[in-house]
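Bear in mind these aren't lab numbers, they're just calculated from the coordinates by the rules spelled out. Being a predicted model, the structure only gives us computed values, none of them experimental. A quick note on method: Cβ atoms are made from the backbone with ideal geometry, for glycine too, and the neighbour counts reach across all protein chains shown.
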Amino acid sequence: MTTARVALVTGGIGGIGTAICQRLAKDGMRVIANHHPSEQEAASAWKNDQAGAGFEIHTIAADVSSFDDCARMVADIKEAHGPVAVLVNCAGITRDKTFKKMEEAQWRAVIDVNLNSVFNVTRNVWEDMLEAGFGRIVNISSVNGQRGQFGQANYAAAKAGMHGITMSLAQEGAAKGITANTVSPGYVETAMTLAMRDDVREAIIAGVPMRRMGKPEEIASAVSFLTAEANGYVTGANLPVNGGLFMH
Ligand code: CAA
């Protein structure tokens, strides 16, 4: 009997995170969804909903912008489930503002949660992956990290930075059985895109060659591919899942 790989999905109870958790559970992994400590109630309800839908997914609170909290989270997971073999860095926020109006707090919040979190979590699982001789890391970036976006200097910087980490980890992990890849979603049907002004969102969708937003499951499918044992030769890639919005 083989034991299921332990998969940690940060921002796991969000729109894209939920689809990723469900997909990795279907793939046979033991999935742990991270959420912010302030979301305890929502996370309990989410866990029940998942159970109702037939998914046994564990939840764990941690502020991914805090290195110490991430160290504690990873240690708790290790004790309860074993070392993390698959890590999906999916936690992210927006604080959209034209650059002229952007305040330092909005810059820092996005860099902390979207980019520094990748260091905070990955650094704490990296040595276990090295020791196991196996690891799958997927960083959920964005089309806007590849092309920039009006009103998102903070977000675009963080999302572009994520792929820089990916490429470095891919090189350091290559001979050790660890792959690191980025998935860059376009505009996906989630609370994050719903929070945009309707006219701005409509204008963006009109510019997507497929004329629609992506579905969370379509992002999860890419993550499933990149975390599969069979795809161990794919590393350092940045896989766009954007309906044709940006090609390079
Ligand atoms: N390019 C050039 N000029 C633009 C522009 C664009 N894309 N968008 C707006 N402008 C111009 C406007 O025409 C306007 O010009 P005037 O002052 O001459 O009239 C000026 O810039 C101000 O525009 P807004 O009215 O939009 O400014 P605002 O302050 O009300 O809003 C904003 C600013 C909230 C940042 C808004 O522009 C916005 O929502 N932008 C989109 C941000 C975005 O795409 N967020 C994605 C969230 S989802 C996500 O992030 C997930 C993911 O990974 C894709």
Next item on the list: Return only the number of the condition from (1) β-branched (Val, Ile, Thr); (2) closer than 23 Å to Leu194 by Cα; (3) away from the ligand (no atom under 16 Å from the Cβ) that Thr98 does not satisfy.
Entry: (3)
Check: Looking at (1) more than 11 Å from the ligand (Cβ to nearest atom); (2) touching a Ser or Thr at 6+ places or on another chain (Cβ under 8 Å), which is the only condition Glu218 fails?
Finding: (2)
Notebook entry, point to check: Within region 64-78, is there a residue that is at negative phi, touching a residue at least 12 places away in the same chain (Cβ under 8 Å) and touching a Cys at 6+ places or on another chain (Cβ under 9 Å)?
Noted result: yes
Check: What pairs come up if the first residue lies in region 221-246 and is touching a residue at least 40 places away in the same chain (Cβ under 8 Å) and farther than 19 Å from Val6 by Cβ, the second is charged (D, E, K, R) and in a loop (DSSP other than H, G, I, E, B), and their beta carbons are under 9 Å apart, counting only those six or more places apart or on different chains?
Finding: Gly243/Arg211; Gly243/Arg212
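Whether any residue in region 38-57 is touching a residue at least 40 places away in the same chain (Cβ under 8 Å) and not in a helix (DSSP H, G or I) is what I want to check.
Taking every residue of region 38-57 in turn, at least one turns out to be touching a residue at least 40 places away in the same chain (Cβ under 8 Å) and not in a helix (DSSP H, G or I).
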Checklist line | Residues that are hydroxyl-bearing (Ser, Thr, Tyr) and touching a helix residue (DSSP H, G or I) at 6+ places or on another chain (Cβ under 9 Å), drawn from region 130-168 | finding: Ser141, Ser142, Tyr155, Thr166
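How many residues, within region 140-199, are without any contact (Cβ under 8 Å) to a residue 40 or more places away in the chain and charged (D, E, K, R)?
Adding up the residues that qualify gives 4.
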Next item on the list: For residues that are among the small types (Gly, Ala, Ser) and under 22 Å from the mean Cα position of the chain (by Cα), scanning just region 197-225, find the one that is nearest to Phe150 (Cα to Cα).
Entry: Gly214
Note to self: If I filter region 164-193 down to residues being more than 23 Å from Asp96 (Cα to Cα) and among the charged types (D, E, K, R), which single residue comes out as nearest to the ligand (Cβ to nearest atom)?
What the structure shows: Glu172
Check: If we keep just the residues of region 142-163 that are of a type in the set (S, T, N, Q) and more than 8 Å from the ligand (Cβ to nearest atom), which is nearest to Lys100 (Cα to Cα)?
Finding: Asn154
